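Reviewing the structure listed below.
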Amino acid sequence: MKTKKLVYLSLITTIGTALNILESFIPLPISGVPGAKLGLANIVNLVALVVFGLKYGLIVGILRSILATLGTGAVTGLFYSLSGAIVSTIVMWIVYNFFSKKFSLIGVSIFGALAHNIAQLSVASVMIHNVLIFTYLPLMMLMSLFTGYFIGLSSNYISNHLKNILGNNNYETKEM
C-alpha cells in the first residue's frame, strides 16, 4: 500500500472516529427513537468506499467502530456499530457498483442508511430477545431519508475533492 493512500485512509478513519464520538453527545429528542443518531461518521465509510473500494470501506468502518467504542466506553454499542457499518457498506457498494446509473451518491447513501438501521435493529432484537423492537423501523426509515440525503451530499463533495487530490481516481477500485 502506498504511503499516501495509507495516510488518507488513516485520516478519514480518525475523522470518522471523532465524528462518532462527537455524535454520541448530541441528543436527538425529536426522533422518538432511543439511541438514534444522525450518522455523521458514515460519511467516511461512503467516502472510503467510493474513493478506495469495498475492502477499504469495510476496513475504515470496522476500525472506526472499534476506536469509537474505545473512545466512548460503550462496549455494547460496538455490536450495533459494527453491524451497521458492515451491512451498510456492503449495501452501498452493491448500489454504487451495479445501480449508479439509476442512483446518485445521495441514493447510495440512503440505501446505506436504511441497511444500517435494519442491521442495528436486528442486533438489538437478538440482544434483548424481542422482535417488537422493529416497531421503530418505520420511523427510523423516515429519518434515514433525511440523514442519508445529507450524508450522501456531503460524501459526494468530499469524494470528488479527494479524488482530485489523489490524482483523478488513482485509488478507486471496484474489487470485492
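The value for the stretch 3-166 of Rg(Cα) / (2.2 N^0.38 Å) is 0.98.
Averaging the sequence gap over all C-alpha pairs within less than 8 Å and six or more residues apart, then dividing by the number of residues, gives the chain a relative contact order of 26 percent. Of the peptides 128-135, 17-24, the order by per-residue mean of other Cβ atoms within 10 Å, starting with the highest, comes out as 17-24, 128-135. A straight chain from residue 100 to residue 150 at 0.36 nm per residue would run longer than the Cα-Cα distance by 16.2 nm.
Taking each DSSP H run with n ≥ 4 as -39500 (n - 2.57) and averaging over every residue of the chain yields -25500 deg cm²/dmol at 222 nm.
Each of the peptides 93-100, 9-16 was scored by the mean count of other Cβ atoms within 10 Å over its residues; in descending order, highest first, they stand as 9-16, 93-100.
Computed from the Cβ-Cβ distance with R0 of 25 Å, the FRET efficiency linking residue 160 to residue 22 stands at 0.55. Listed peptides 108-118, 51-61 appear in the order 108-118, 51-61 once ranked by packing, highest mean of other Cβ atoms within 10 Å at the front. Do the alpha carbons of any pairs in 4/37; 55/102; 5/55; 55/163; 55/101 sit beyond 20 Å of each other, and which pairs? As for pairs spanning more than 20 Å Cα to Cα, those are 4/37; 55/102; 55/101.
No lab work stands behind these numbers, since they all come straight from the coordinates. Owing to the predicted nature of the structure, the values given are computational and were not obtained by experimental measurement. Glycine also receives a Cβ, built like all others from the backbone with ideal geometry; neighbour counts cover every protein chain displayed.
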